[in-house]
Amino acid sequence: MTTGVGGSSTEEELGRLVHMTTNISPIGLTEYTARMKQAQKLMRDKSIAAIYINAGTNLAYFTGTVWHPSERMVGAVIPADGEIEYISPVFEVGTLEQYMGIKGKVHGWEEHETPYGLFREMLNTRGLTAGKIALDESCPFFISNGIALAAPEFDYVNADRITVPCRQIKSAHEIAIMQRAKDMTLEVHKAAARILRPGITAPEVEEFIHAAHMKVGAPAGSYFVIVLFGKDTAYPHGVKNPKALEENDMVLIDTGCQLHGYISDITRTYVFGEPTARQRHIWNIEKATQAAAFDQAQVGSRCGDVDLAARACLETYQLGPDYKLPGLPHRTGHGIGMDIHEWPYLNSGDDTTLAPGMCFSNEPMICIPGEFGVRLEDHFYMTENGPKWFTEPSHSIDDPFGYEK
(Lines give C-alpha, C1' and ligand atoms only; values in the text may rest on other atoms or scores of the structure.)
Protein backbone atom coordinates (compact mmCIF):
# COMPACT_ATOMS: atom_id res chain seq x y z
CA MET A 1 0.00 0.00 0.00
CA THR A 2 1.23 3.50 -0.84
CA THR A 3 2.73 5.14 2.25
CA GLY A 4 0.42 7.72 3.82
CA VAL A 5 -2.65 6.63 1.85
CA GLY A 6 -5.66 5.10 3.59
CA GLY A 7 -6.00 3.68 7.07
CA SER A 8 -7.73 6.57 8.85
CA SER A 9 -11.13 8.25 9.14
CA THR A 10 -12.57 11.71 8.57
CA GLU A 11 -13.18 12.18 12.29
CA GLU A 12 -9.63 11.22 13.23
CA GLU A 13 -8.05 13.43 10.59
CA LEU A 14 -10.18 16.48 11.33
CA GLY A 15 -9.28 16.05 14.98
CA ARG A 16 -5.59 15.99 14.14
CA LEU A 17 -5.54 19.21 12.09
CA VAL A 18 -4.68 22.49 13.80
CA HIS A 19 -5.22 26.18 13.03
CA MET A 20 -2.23 27.54 11.09
CA THR A 21 -2.85 31.28 10.59
CA THR A 22 -2.36 32.89 13.99
CA ASN A 23 0.93 34.66 13.17
CA ILE A 24 0.35 35.73 9.58
CA SER A 25 -1.05 39.22 8.94
CA PRO A 26 -3.00 40.64 5.99
CA ILE A 27 -1.69 43.35 3.68
CA GLY A 28 -1.84 46.75 5.39
CA LEU A 29 -2.52 50.33 4.39
CA THR A 30 1.18 51.15 3.94
CA GLU A 31 1.53 48.53 1.21
CA TYR A 32 -1.71 49.54 -0.50
CA THR A 33 -0.46 53.13 -0.58
CA ALA A 34 2.83 52.02 -2.11
CA ARG A 35 0.95 50.07 -4.78
CA MET A 36 -1.08 53.16 -5.67
CA LYS A 37 2.07 55.24 -5.97
CA GLN A 38 3.71 52.62 -8.18
CA ALA A 39 0.64 52.56 -10.45
CA GLN A 40 0.65 56.37 -10.68
CA LYS A 41 4.33 56.42 -11.62
CA LEU A 42 3.69 53.90 -14.39
CA MET A 43 0.76 56.00 -15.58
CA ARG A 44 2.91 59.11 -15.83
CA ASP A 45 5.63 57.14 -17.63
CA LYS A 46 3.08 55.90 -20.16
CA SER A 47 1.21 59.23 -20.53
CA ILE A 48 -2.00 57.81 -19.06
CA ALA A 49 -4.17 60.47 -17.42
CA ALA A 50 -6.25 58.14 -15.25
CA ILE A 51 -7.16 54.52 -14.75
CA TYR A 52 -10.56 53.04 -13.99
CA ILE A 53 -10.39 50.03 -11.64
CA ASN A 54 -13.56 47.95 -11.51
CA ALA A 55 -14.88 46.08 -8.49
CA GLY A 56 -12.99 42.82 -8.11
CA THR A 57 -9.40 41.72 -7.69
CA ASN A 58 -7.72 44.85 -9.06
CA LEU A 59 -9.75 47.09 -6.76
CA ALA A 60 -8.79 44.92 -3.79
CA TYR A 61 -5.12 44.82 -4.84
CA PHE A 62 -4.62 48.56 -5.23
CA THR A 63 -6.93 49.90 -2.53
CA GLY A 64 -7.74 47.11 -0.09
CA THR A 65 -11.41 47.68 -0.93
CA VAL A 66 -13.12 44.32 -1.34
CA TRP A 67 -16.24 44.55 -3.51
CA HIS A 68 -17.58 41.91 -5.85
CA PRO A 69 -18.49 42.99 -9.40
CA SER A 70 -22.13 42.95 -10.46
CA GLU A 71 -24.44 44.54 -13.03
CA ARG A 72 -24.05 47.87 -11.21
CA MET A 73 -20.93 49.94 -11.86
CA VAL A 74 -18.77 50.15 -8.73
CA GLY A 75 -15.12 51.05 -8.97
CA ALA A 76 -12.45 53.67 -8.56
CA VAL A 77 -10.69 56.30 -10.62
CA ILE A 78 -6.98 56.60 -9.93
CA PRO A 79 -5.47 59.71 -11.57
CA ALA A 80 -1.84 59.95 -12.59
CA ASP A 81 -1.58 62.68 -9.96
CA GLY A 82 -3.91 63.24 -7.06
CA GLU A 83 -6.29 61.32 -4.82
CA ILE A 84 -8.40 58.29 -5.63
CA GLU A 85 -12.16 58.70 -6.06
CA TYR A 86 -14.87 56.03 -6.13
CA ILE A 87 -18.09 55.60 -8.10
CA SER A 88 -21.06 53.67 -6.71
CA PRO A 89 -24.86 53.52 -6.60
CA VAL A 90 -26.04 56.02 -4.01
CA PHE A 91 -27.69 53.34 -1.89
CA GLU A 92 -24.36 51.48 -1.62
CA VAL A 93 -22.21 54.47 -0.64
CA GLY A 94 -22.48 53.91 3.10
CA THR A 95 -21.59 50.23 2.76
CA LEU A 96 -18.73 50.91 0.35
CA GLU A 97 -17.21 53.39 2.77
CA GLN A 98 -17.12 50.67 5.43
CA TYR A 99 -15.16 48.35 3.15
CA MET A 100 -12.65 50.92 1.90
CA GLY A 101 -8.97 50.35 2.46
CA ILE A 102 -7.63 53.56 0.96
CA LYS A 103 -10.28 56.21 1.57
CA GLY A 104 -11.61 58.49 -1.14
CA LYS A 105 -14.60 60.57 -2.12
CA VAL A 106 -17.52 58.53 -3.46
CA HIS A 107 -19.59 59.80 -6.40
CA GLY A 108 -23.06 58.26 -6.33
CA TRP A 109 -25.54 57.54 -9.09
CA GLU A 110 -29.23 56.74 -8.60
CA GLU A 111 -30.84 53.60 -10.01
CA HIS A 112 -32.56 55.43 -12.88
CA GLU A 113 -29.36 57.27 -13.88
CA THR A 114 -26.46 56.19 -16.04
CA PRO A 115 -23.13 55.97 -14.20
CA TYR A 116 -21.14 56.63 -17.37
CA GLY A 117 -22.00 60.30 -17.61
CA LEU A 118 -21.04 60.60 -13.95
CA PHE A 119 -17.70 58.97 -14.77
CA ARG A 120 -17.12 61.62 -17.42
CA GLU A 121 -17.96 64.35 -14.90
CA MET A 122 -15.43 62.88 -12.47
CA LEU A 123 -12.72 63.24 -15.10
CA ASN A 124 -13.81 66.72 -16.16
CA THR A 125 -13.85 67.94 -12.55
CA ARG A 126 -10.19 67.01 -12.39
CA GLY A 127 -9.52 69.10 -15.48
CA LEU A 128 -9.32 66.06 -17.76
CA THR A 129 -11.11 66.69 -21.05
CA ALA A 130 -8.92 64.66 -23.38
CA GLY A 131 -6.07 62.17 -23.22
CA LYS A 132 -5.50 58.51 -22.53
CA ILE A 133 -7.72 56.64 -20.03
CA ALA A 134 -6.90 53.05 -19.06
CA LEU A 135 -9.82 50.73 -18.35
CA ASP A 136 -9.51 47.70 -16.06
CA GLU A 137 -8.91 44.63 -18.22
CA SER A 138 -11.44 42.72 -16.11
CA CYS A 139 -14.27 45.22 -16.43
CA PRO A 140 -17.20 43.83 -18.46
CA PHE A 141 -18.09 45.10 -21.91
CA PHE A 142 -21.21 46.92 -20.73
CA ILE A 143 -19.06 49.17 -18.55
CA SER A 144 -16.21 49.77 -21.00
CA ASN A 145 -18.67 50.36 -23.83
CA GLY A 146 -20.83 52.64 -21.69
CA ILE A 147 -17.81 54.73 -20.73
CA ALA A 148 -16.56 54.98 -24.31
CA LEU A 149 -19.97 56.10 -25.60
CA ALA A 150 -20.47 58.64 -22.82
CA ALA A 151 -17.01 60.18 -23.16
CA PRO A 152 -15.78 59.67 -26.76
CA GLU A 153 -13.26 62.51 -26.47
CA PHE A 154 -10.84 60.26 -24.58
CA ASP A 155 -8.57 57.56 -25.95
CA TYR A 156 -9.12 54.24 -24.15
CA VAL A 157 -6.45 51.59 -23.58
CA ASN A 158 -6.21 48.35 -21.68
CA ALA A 159 -5.16 48.92 -18.08
CA ASP A 160 -3.14 45.71 -18.05
CA ARG A 161 -0.10 47.82 -18.99
CA ILE A 162 -0.41 49.18 -15.43
CA THR A 163 -1.98 46.33 -13.46
CA VAL A 164 0.19 43.50 -14.76
CA PRO A 165 3.62 45.04 -14.01
CA CYS A 166 2.42 45.85 -10.49
CA ARG A 167 0.71 42.57 -9.64
CA GLN A 168 3.09 40.08 -11.21
CA ILE A 169 5.96 41.02 -8.86
CA LYS A 170 5.05 39.92 -5.35
CA SER A 171 6.37 41.56 -2.20
CA ALA A 172 7.95 39.59 0.63
CA HIS A 173 4.68 40.03 2.55
CA GLU A 174 2.62 38.60 -0.30
CA ILE A 175 4.97 35.65 -0.63
CA ALA A 176 4.74 34.98 3.11
CA ILE A 177 0.92 34.86 2.93
CA MET A 178 1.05 32.57 -0.10
CA GLN A 179 3.58 30.33 1.64
CA ARG A 180 1.25 29.87 4.57
CA ALA A 181 -1.77 29.17 2.36
CA LYS A 182 0.20 26.50 0.50
CA ASP A 183 1.46 24.98 3.75
CA MET A 184 -2.16 24.73 4.88
CA THR A 185 -3.29 23.04 1.68
CA LEU A 186 -0.43 20.54 1.79
CA GLU A 187 -1.51 19.47 5.29
CA VAL A 188 -5.05 19.07 3.98
CA HIS A 189 -3.72 16.90 1.12
CA LYS A 190 -1.96 14.62 3.59
CA ALA A 191 -5.11 14.27 5.66
CA ALA A 192 -7.28 13.62 2.59
CA ALA A 193 -4.95 10.83 1.44
CA ARG A 194 -5.29 9.10 4.80
CA ILE A 195 -9.12 8.95 4.74
CA LEU A 196 -9.28 7.10 1.41
CA ARG A 197 -10.93 3.67 1.34
CA PRO A 198 -12.50 1.46 -1.33
CA GLY A 199 -15.91 2.80 -2.31
CA ILE A 200 -15.39 6.35 -1.06
CA THR A 201 -16.87 8.87 -3.49
CA ALA A 202 -15.38 12.04 -4.88
CA PRO A 203 -18.06 14.22 -3.19
CA GLU A 204 -17.23 12.63 0.17
CA VAL A 205 -13.57 13.52 -0.23
CA GLU A 206 -14.42 17.01 -1.46
CA GLU A 207 -16.61 17.59 1.61
CA PHE A 208 -13.77 16.47 3.89
CA ILE A 209 -11.24 18.72 2.13
CA HIS A 210 -13.54 21.71 2.54
CA ALA A 211 -13.94 21.03 6.26
CA ALA A 212 -10.20 20.39 6.62
CA HIS A 213 -9.32 23.72 5.01
CA MET A 214 -11.58 25.45 7.49
CA LYS A 215 -9.94 23.55 10.35
CA VAL A 216 -6.45 24.77 9.39
CA GLY A 217 -7.67 28.36 9.20
CA ALA A 218 -9.07 29.11 5.73
CA PRO A 219 -12.21 31.16 6.55
CA ALA A 220 -14.15 30.03 3.47
CA GLY A 221 -12.80 26.48 3.37
CA SER A 222 -11.71 25.22 -0.03
CA TYR A 223 -11.35 27.82 -2.77
CA PHE A 224 -11.87 24.90 -5.18
CA VAL A 225 -11.42 21.13 -5.17
CA ILE A 226 -11.15 18.41 -7.83
CA VAL A 227 -11.14 14.73 -6.80
CA LEU A 228 -10.70 12.05 -9.46
CA PHE A 229 -10.15 8.28 -9.41
CA GLY A 230 -9.00 5.75 -12.02
CA LYS A 231 -9.66 6.61 -15.66
CA ASP A 232 -11.25 9.92 -14.61
CA THR A 233 -7.76 11.23 -13.75
CA ALA A 234 -7.04 11.56 -17.49
CA TYR A 235 -9.36 14.60 -17.58
CA PRO A 236 -7.45 17.67 -16.30
CA HIS A 237 -10.46 19.45 -14.79
CA GLY A 238 -12.66 16.49 -14.01
CA VAL A 239 -15.71 14.65 -15.33
CA LYS A 240 -19.47 15.10 -15.02
CA ASN A 241 -20.06 11.91 -13.03
CA PRO A 242 -16.91 10.93 -11.11
CA LYS A 243 -16.45 7.27 -10.18
CA ALA A 244 -15.97 5.89 -6.68
CA LEU A 245 -12.53 4.70 -5.55
CA GLU A 246 -11.39 1.15 -6.27
CA GLU A 247 -8.26 -0.78 -5.31
CA ASN A 248 -5.19 0.21 -7.35
CA ASP A 249 -6.89 3.28 -8.83
CA MET A 250 -4.83 6.32 -9.63
CA VAL A 251 -5.95 9.19 -7.37
CA LEU A 252 -5.73 12.85 -8.43
CA ILE A 253 -6.65 15.60 -5.96
CA ASP A 254 -6.29 19.28 -6.89
CA THR A 255 -7.31 21.85 -4.30
CA GLY A 256 -6.51 25.14 -2.64
CA CYS A 257 -7.72 27.77 -0.24
CA GLN A 258 -7.66 31.54 0.17
CA LEU A 259 -5.85 33.37 2.96
CA HIS A 260 -5.96 37.18 3.29
CA GLY A 261 -6.91 37.36 -0.39
CA TYR A 262 -4.13 35.05 -1.67
CA ILE A 263 -4.62 31.59 -3.10
CA SER A 264 -2.99 28.17 -2.83
CA ASP A 265 -3.29 25.52 -5.54
CA ILE A 266 -1.63 22.11 -5.16
CA THR A 267 -2.20 18.78 -6.93
CA ARG A 268 -1.11 15.35 -5.76
CA THR A 269 -1.40 12.12 -7.73
CA TYR A 270 -0.72 8.67 -6.32
CA VAL A 271 -2.10 5.12 -6.31
CA PHE A 272 -4.55 3.69 -3.81
CA GLY A 273 -2.93 0.29 -3.47
CA GLU A 274 0.05 -1.01 -5.37
CA PRO A 275 1.27 0.86 -8.47
CA THR A 276 1.54 -1.08 -11.69
CA ALA A 277 4.68 -0.84 -13.80
CA ARG A 278 2.78 1.42 -16.21
CA GLN A 279 1.58 3.75 -13.46
CA ARG A 280 5.06 3.92 -11.96
CA HIS A 281 6.68 4.67 -15.34
CA ILE A 282 4.32 7.56 -16.19
CA TRP A 283 4.46 8.98 -12.64
CA ASN A 284 8.26 9.07 -12.79
CA ILE A 285 8.15 10.83 -16.17
CA GLU A 286 5.81 13.44 -14.69
CA LYS A 287 8.21 14.05 -11.81
CA ALA A 288 11.14 14.41 -14.23
CA THR A 289 9.14 16.81 -16.39
CA GLN A 290 8.21 18.99 -13.43
CA ALA A 291 11.90 19.10 -12.47
CA ALA A 292 12.92 20.05 -16.03
CA ALA A 293 10.50 22.99 -15.99
CA PHE A 294 11.80 24.13 -12.60
CA ASP A 295 15.43 23.96 -13.73
CA GLN A 296 14.66 26.12 -16.78
CA ALA A 297 12.97 28.81 -14.67
CA GLN A 298 15.96 31.10 -14.15
CA VAL A 299 16.02 34.88 -13.82
CA GLY A 300 16.26 36.38 -17.29
CA SER A 301 14.82 33.32 -19.02
CA ARG A 302 11.68 33.54 -21.09
CA CYS A 303 8.45 32.21 -19.53
CA GLY A 304 7.74 30.32 -22.73
CA ASP A 305 11.02 28.45 -22.48
CA VAL A 306 9.90 26.84 -19.21
CA ASP A 307 6.97 25.31 -21.08
CA LEU A 308 9.24 24.22 -23.93
CA ALA A 309 11.64 22.56 -21.48
CA ALA A 310 8.80 20.49 -20.05
CA ARG A 311 7.64 19.42 -23.52
CA ALA A 312 11.19 18.56 -24.58
CA CYS A 313 11.46 16.28 -21.56
CA LEU A 314 8.20 14.55 -22.45
CA GLU A 315 9.34 14.01 -26.03
CA THR A 316 12.37 12.05 -24.82
CA TYR A 317 9.83 9.54 -23.50
CA GLN A 318 7.85 9.55 -26.78
CA LEU A 319 5.01 11.62 -25.33
CA GLY A 320 3.46 14.52 -27.26
CA PRO A 321 4.81 16.40 -29.13
CA ASP A 322 3.25 19.78 -28.41
CA TYR A 323 -0.29 19.30 -27.05
CA LYS A 324 -0.86 15.85 -28.53
CA LEU A 325 -1.94 12.95 -26.34
CA PRO A 326 -0.65 10.91 -24.68
CA GLY A 327 1.17 13.95 -23.35
CA LEU A 328 0.62 17.43 -21.94
CA PRO A 329 -2.61 19.05 -23.25
CA HIS A 330 -2.26 22.46 -21.59
CA ARG A 331 0.35 25.01 -20.49
CA THR A 332 3.01 23.98 -18.00
CA GLY A 333 1.96 26.57 -15.42
CA HIS A 334 0.36 29.87 -14.55
CA GLY A 335 1.05 32.87 -12.40
CA ILE A 336 -0.76 32.94 -9.08
CA GLY A 337 -1.49 35.51 -6.40
CA MET A 338 -4.86 37.04 -5.59
CA ASP A 339 -6.31 35.27 -8.64
CA ILE A 340 -5.76 31.56 -9.06
CA HIS A 341 -4.66 32.12 -12.67
CA GLU A 342 -2.87 35.38 -13.41
CA TRP A 343 0.01 36.72 -15.45
CA PRO A 344 2.46 35.72 -16.64
CA TYR A 345 1.90 32.20 -17.98
CA LEU A 346 4.26 29.31 -18.56
CA ASN A 347 3.17 28.62 -22.11
CA SER A 348 5.42 28.56 -25.15
CA GLY A 349 4.04 31.84 -26.52
CA ASP A 350 4.68 33.98 -23.42
CA ASP A 351 7.73 36.18 -23.97
CA THR A 352 7.74 37.64 -20.45
CA THR A 353 11.17 37.57 -18.84
CA LEU A 354 11.32 35.81 -15.48
CA ALA A 355 12.12 38.21 -12.64
CA PRO A 356 12.40 38.03 -8.86
CA GLY A 357 9.02 38.13 -7.16
CA MET A 358 7.10 36.28 -9.87
CA CYS A 359 5.10 33.26 -8.63
CA PHE A 360 4.03 30.25 -10.70
CA SER A 361 2.42 26.85 -10.66
CA ASN A 362 4.48 24.03 -12.16
CA GLU A 363 2.07 21.32 -13.38
CA PRO A 364 3.02 19.67 -16.69
CA MET A 365 0.26 17.03 -16.49
CA ILE A 366 0.49 13.80 -18.47
CA CYS A 367 -2.87 12.60 -19.83
CA ILE A 368 -3.32 9.10 -21.25
CA PRO A 369 -6.89 8.81 -22.55
CA GLY A 370 -8.65 5.64 -21.46
CA GLU A 371 -6.03 4.86 -18.81
CA PHE A 372 -5.20 7.61 -16.31
CA GLY A 373 -3.51 10.95 -15.83
CA VAL A 374 -0.77 12.22 -13.54
CA ARG A 375 -0.48 15.83 -12.40
CA LEU A 376 2.08 16.90 -9.82
CA GLU A 377 1.50 20.56 -9.10
CA ASP A 378 3.67 22.64 -6.83
CA HIS A 379 4.39 26.35 -6.93
CA PHE A 380 7.61 28.29 -6.95
CA TYR A 381 8.64 31.93 -6.71
CA MET A 382 11.55 33.62 -8.35
CA THR A 383 14.43 34.92 -6.22
CA GLU A 384 17.60 36.74 -7.29
CA ASN A 385 19.26 33.31 -7.36
CA GLY A 386 16.57 31.47 -9.27
CA PRO A 387 13.38 29.56 -8.46
CA LYS A 388 12.43 28.45 -4.96
CA TRP A 389 9.67 25.97 -4.17
CA PHE A 390 6.78 27.00 -1.95
CA THR A 391 6.15 23.30 -1.31
CA GLU A 392 8.59 20.48 -2.02
CA PRO A 393 7.52 18.25 -4.90
CA SER A 394 5.98 14.85 -4.28
CA HIS A 395 8.72 12.43 -3.18
CA SER A 396 7.86 9.18 -5.02
CA ILE A 397 4.87 7.19 -6.17
CA ASP A 398 5.35 4.82 -3.19
CA ASP A 399 5.81 7.64 -0.67
CA PRO A 400 4.18 10.74 -2.23
CA PHE A 401 4.35 12.88 0.91
CA GLY A 402 7.92 11.95 1.85
CA TYR A 403 7.20 10.25 5.17
CA GLU A 404 10.04 7.76 4.72
CA LYS A 405 12.64 9.81 2.86
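Worth pointing out:
- Near the amide H of residue 156, within less than 5 Å, lie the amide hydrogens of 133, all on another chain or at least 5 residues away, with H placed in the peptide plane.
- Packing order of peptides 195-203, 46-54, highest average first: 46-54, 195-203 (average count of other Cβ atoms within 10 Å over each peptide's residues).
- Remark: the stretch 167-210 carries a charge dipole of roughly 200 debye about the Cα centre, counting +1 on each Lys and Arg Cβ and -1 on each Asp and Glu Cβ.
- The radius of gyration of the Cα set in the stretch 178-271, together with its Dmax, comes out at 12.7, 39 angstrom.
- Working from Cα pairs under 8 Å separated by at least six residues, relative contact order for the chain is 16 percent.
- Under Karplus coefficients 6.51, -1.76 and 1.60, residue-wise ³J(HN,Hα) of the stretch 369-381 in Hz, glycine/proline x: x, x, 10, 5, x, 10, 10, 10, 10, 10, 10, 9, 10
- Per residue, in Å², the accessible surface of the stretch 1-47 once ligands and nucleic acids are set aside, probe 1.4 Å: 59
- The chain - charge dipole about Cα centre, Lys and Arg +1 at Cβ, Asp and Glu -1, debye rounded to 20: 560
- Computed from Cα atoms, the angle from the helix 277-296 axis to the main principal axis of the chain rounds to 40 degrees.
- Sequence-separation-based contact order of the stretch 23-132, relative, with Cα cut under 8 Å and 6+ spacing, percent: 23
- Cα gyration tensor, the stretch 253-293 - rounded (a/c under 1.5), prolate or oblate: oblate
- Nearest 10 degrees, 0 to 90: helix 115-125 Cα axis against the chain principal axis: 60
- For the chain, DSSP calls about 75 percent of its internal beta bridges antiparallel.
- For the chain, the 222 nm mean residue ellipticity estimated from helices alone, with every DSSP H stretch of n ≥ 4 adding -39500 (n - 2.57) and the total spread over all residues, rounds to -10500 deg cm²/dmol.
- The stretch 129-151 versus the stretch 241-261: alpha-carbon centroid distance in Å: 41
- Note that the stretch 1-126, at 20 °C in a medium of 1.002 mPa s, gets a Stokes-Einstein diffusion coefficient of 124 µm²/s from its Kirkwood radius over C-alpha pairs.
- In a DSSP loop and with at most 11 other Cβ atoms within 10 Å, the GluC sites (Glu not before Pro) in the stretch 82-121 are 110, 111.
- The angle between the Cα long axis of helix 141-150 and the longest principal axis of the Cα atoms of the chain comes to about 10 degrees, rounded to the nearest 10.
- Percent carbon-and-sulfur accessible area, the chain, ignoring ligands, DNA and RNA, probe 1.4 Å: 52
- Shape of the stretch 216-353, Cα gyration tensor, a/c cut at 1.5: oblate
- DSSP-assigned coil residues among GluC sites (Glu not before Pro) in the stretch 134-237, each with at most 15 further Cβ atoms within 10 Å: 153
- Placing unit charges on the Cβ atoms of the charged side chains and taking the dipole of the stretch 256-323 about its Cα centre, the candidate lying farthest along the positive direction among 292, 279, 318 is 279.
- Positive-end residue of 74, 43, 193, charge dipole of the chain with Cβ unit charges: 43
The values are calculated or read from the model by the stated rules, or taken from the named source; none is laboratory data. The model shown is predicted, which means the values in this text are computed figures rather than measured ones. Note: ideal-geometry Cβ built from the backbone for every residue, glycine included; neighbour counts use all protein chains shown. SASA here: full protein model, heavy atoms, side chains in, ligands and nucleic acids out. Shrake-Rupley method; radii C 1.70, N 1.55, O 1.52, S 1.80 Å.
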